[in-house]
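Take a look at the structure below.
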């Protein structure tokens, strides 16, 4: 009977995985996605699109990856369609938020196999980027109205995700206390490096500044000023963000803000009326991919004996950061400044999720081991061996994350005479049309030695 029970456990785990790839059962996402990640790092955009794995992580993450890779590859209709599919899946997931909370600990597939069997729940910063890239798709098609809808929605979906995550963290804390695991989990969490709590690791200065540019182009100065100030809170040392906030505060006569702004950043000097403004968003590199890390944890089994289990947990290493030479605007170096550290956002997001991840895996490895030990106590050597092999092979870290995002984003801004310009780098060139009293937005993405991008003329300043 025990042999039949072991076979049933293995079969149930496999059935739970029927709708997902074998990779999710015996490997992990970063391994399956490594060819795409490497191609992106080298700037081989079409190759990255061609080698994207076939649906290893579900509709949300797959759609986000295809959307971002398609966008840098210049496949804009494909990018938009993939991002829309991911957005629709997110809407359904958040509609069933209460189900998702309970699912985190109770989903059958994850209890018997690994966290990759749990429906992927995108991080807050990933949801922000989902709508950011939908907005960029609209802008590339010269649709300012559509882009504005997406930047408005970005804040809404991130707030909903934040509430869901807080509910999960509270549930995990209660479960840990109920099972007396608090100290054990704390010992594991202490092994992870602290990524800090800087605002730039939590909020997206890229999204804030882009939405400010769009609101201003649409004539909504109040909304623009609010988001520009949010960007400044994230990147207080970015001279272009500071200049923009100071410019709008001066124009709108924000008497309460101006003294402190002028004390720190100086007096705003308005440019000539014959100039136009060029705003460049410069995406650089590729965000890090999670790796797997084996860490021991001491737990008590059903007989009261202390047992050391090994947890397979996600982890970010410390990759070297590529330094990019300046872009050239009409042959002159264009100074830029970082507005978003996406690597930092990814690491902070993992740090926030760790208590839930560690608890869920601790419960799972203990449950798996109980099945194996039951077989051993009954003298069922075959069942013991089969269960042990299954446990070992299926205990994989959950390394799912949006791995085609840039590592960081910088911005540059200049007020220059009206005319035709060329933004160039490493043999690549983008035409930039500048008109007096108007804003020209330029979007570029640089990976390896490659550059992709476009420019669009927005509304009046």
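The values are calculated or read from the model by the stated rules, or taken from the named source; none is laboratory data. Keep in mind that what you see is a predicted model, and the values were worked out from it rather than measured. Neighbour counts run over all protein chains shown; Cβ positions are idealised from the backbone, glycine included.
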Which of the residues that make up segment 250-277 are surrounded by 14 or more Cβ atoms within 10 Å (Cβ to Cβ) and in contact (Cβ under 8 Å) with a residue 60 or more places away in the chain?
271, 275, 276, 277
Within segment 257-268, can one find any residue that is more than 28 Å from residue 408 (Cα to Cα) and touching a strand residue (DSSP E or B) at 6+ places or on another chain (Cβ under 7 Å)?
no
Tally up the residues in segment 328-343 that are assigned to a loop (DSSP other than H, G, I, E, B) and surrounded by 13 or more Cβ atoms within 10 Å (Cβ to Cβ), please.
3
Do the conditions hold for residue 239, that is, is it free of Cβ contacts under 8 Å to residues at least 24 places away in the same chain and either more than 30 Å from residue 358 (Cβ to Cβ) or surrounded by 15 or more Cβ atoms within 10 Å (Cβ to Cβ) (or both)?
no
Name the single residue, out of those in segment 184-201 being out of contact with any helix residue (DSSP H, G or I) (no Cβ under 6 Å at 6 or more places or on another chain) and within 26 Å of residue 244 (Cα to Cα), that is modelled with the highest pLDDT.
198
Screening 138, 125, 133 for residues that are in contact with a helix residue (DSSP H, G or I) (Cβ under 8 Å, 6 or more places away or on another chain), part of a helix (DSSP H, G or I), crowded, with 18+ Cβ neighbours inside 10 Å and at pLDDT below 95 leaves only 125
Evaluation of residue 297 against (1) at pLDDT below 95; (2) buried (at least 20 other Cβ atoms within 10 Å of the Cβ); (3) not in a strand (DSSP E or B) (one fails), failing number:
(3)
Within segment 434-461, restricting to residues that are over 30 Å from the mean Cα position of the chain (by Cα) and crowded, with 16+ Cβ neighbours inside 10 Å, the one that is nearest to residue 225 (Cα to Cα) is 461
Unmet criterion (only one of (1) closer than 26 Å to residue 351 by Cβ; (2) surrounded by 10 or more Cβ atoms within 10 Å (Cβ to Cβ); (3) in contact with a strand residue (DSSP E or B) (Cβ under 8 Å, 6 or more places away or on another chain)) for residue 282
(1)
Let me confirm something: among 288, 325, 320, which residue is touching a residue at least 24 places away in the same chain (Cβ under 8 Å), part of a loop (DSSP other than H, G, I, E, B) and exposed (fewer than 13 other Cβ atoms within 10 Å of the Cβ)?
325
Looking only at segment 16-67, and only at residues there that are at pLDDT 90 or above, touching a strand residue (DSSP E or B) at 6+ places or on another chain (Cβ under 8 Å) and buried (at least 23 other Cβ atoms within 10 Å of the Cβ), the one that is nearest to residue 80 (Cα to Cα)
45
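I'd like the full set of residues that are on the phi > 0 side of the Ramachandran plot and outside any loop (DSSP other than H, G, I, E, B), limited to segment 36-67.
Going through segment 36-67, the residues on the phi > 0 side of the Ramachandran plot turn out to be 43, 55, 58.
Within segment 36-67, none qualify.
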Please indicate, with yes or no, whether at least one residue in segment 164-184 is surrounded by 15 or more Cβ atoms within 10 Å (Cβ to Cβ), under 19 Å from the mean Cα position of the chain (by Cα) and without any contact (Cβ under 8 Å) to a residue 40 or more places away in the chain.
no
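Among 417, 407, which is at pLDDT 95 or above, surrounded by fewer than 19 Cβ atoms within 10 Å (Cβ to Cβ) and in contact with a strand residue (DSSP E or B) (Cβ under 8 Å, 6 or more places away or on another chain)?
Unique residue meeting the criteria: 417.
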